[in-house]
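Heads up: the structure comes next, in structure tokens.
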Amino acid sequence: MKYTCLQDVLDEIYSAEYVGNYLPVSNEPQWYEGFKTFGTKENMLSALAYYFDIWDQGERGINFRQEENGCMIFERAAWTFFYIFDSISLLKDPSIIPELMQYFPPEGDVRWPWTMEDLWTEMMLGVVTSSNFGPTYMDWIMRSLHLLHPGARWAASYFMFSMIYDTFYRIKPDQFPELPIVDALPLGKQDLVLSLLEDEISGWQEALERAKAKLCKTPSSEKEMKQAKNAVDSAKESLACAEYVRGQLLLLPQEVISIGYR
């Protein structure tokens, strides 16, 4: 099909033939090319909201549970939402990130009455931290963390880990490093960012203790010994990175703390 607008792409995804567990018989390359050609920040966000609403209502049993060509309407909407969200990074516009935070489901007592499967949530996490956005994605995540549902801290923790990793794994000994997560710190809500960093540090402290304990058990082979030492070194490095970022946050002058959040 030759597309003339974004709606043509959406209609083809929505009406695709489904097999098995309601998996679309995909024409993914053509769909993604259509999103790349006709997608804009405004029409992609509008489409996300539209299809998510159908999906949400269907999952809640409010509406859209009737079948259409052998597949529930709300399930067609869920897959259409999937492909829209998965194409967001093709826009290469990280300013869209704040609008995406509402779609990450909360956990615990405040969880939705339905469960979003890992296939969706893992894709969504990857899109928000996509390299297509460039390192400035950290600026937009940092100023958007508070927009996540308080029960979606799992997503906030992932974003913090990703920002730290993407900052430090690129550092080379012979180059003066760029530290985009440090540059982005003034843009976040300080108490939230600090608590996420504290959690990150605690996690790496526990990982380091486990790695040390495993090393002390005298591995049975040289290979196991090397793996155990590498695990200790890796945990030490990750812990140091998280502690450094926390230290930089605490050094910020009061005048610039949470400037992006304000």
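The values are calculated or read from the model by the stated rules, or taken from the named source; none is laboratory data. All figures in this text were calculated on a predicted structure; none of them were measured in a lab. Cβ: placed from backbone, ideal geometry, glycine included. Neighbour counts: every protein chain shown.
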Review point. Would you say LYS189 is charged (D, E, K, R) and more than 23 Å from the chain's Cα centre (by Cα)?
Key: no
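Is it fair to say ALA207 is crowded, with 18+ Cβ neighbours inside 10 Å and among the small types (Gly, Ala, Ser)?
No; evaluated as a whole, the condition is false for this residue.
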Revision key, fill the gap. In region 57-111, anything free of Cβ contacts under 8 Å to residues at least 24 places away in the same chain and buried (at least 21 other Cβ atoms within 10 Å of the Cβ) is listed as GLY58, PHE74
Point to revise | Filter result for ASN43 (polar (S, T, N, Q), in contact with a Cys (Cβ under 9 Å, 6 or more places away or on another chain) and either buried (at least 16 other Cβ atoms within 10 Å of the Cβ) or more than 29 Å from PRO177 (Cβ to Cβ) (or both)) | key: yes
Practice item. For region 197-207, state whether one or more residues are among the acidic types (Asp, Glu) and free of Cβ contacts under 8 Å to residues at least 40 places away in the same chain. Key: yes
Review point. Has region 50-62 got at least one residue that is under 14 Å from ILE13 (Cβ atoms), among the acidic types (Asp, Glu) and touching a helix residue (DSSP H, G or I) at 6+ places or on another chain (Cβ under 7 Å)?
Key: no
Practice item. Just give me the residues in region 152-188 being of a type outside the set (A, V, I, L, M) and within 18 Å of VAL128 (Cα to Cα), in sequence order. Key: ARG153, TRP154, SER157, TYR158, PHE159, PHE161, SER162, TYR165, ASP166, THR167, PRO180, GLY188
Point to revise | Long-range neighbours under 8 Å by Cβ, at least six apart or interchain, first residue at negative phi within region 161-181, second in a loop (DSSP other than H, G, I, E, B) and modelled with pLDDT of 95 or more | key: SER162/THR129; MET163/THR129; ASP166/THR129
Review point. For THR136, all conditions in the list (1) within 14 Å of the chain's Cα centre (by Cα); (2) farther than 25 Å from VAL9 by Cβ hold save one; what is the number of the exception?
Key: (1)
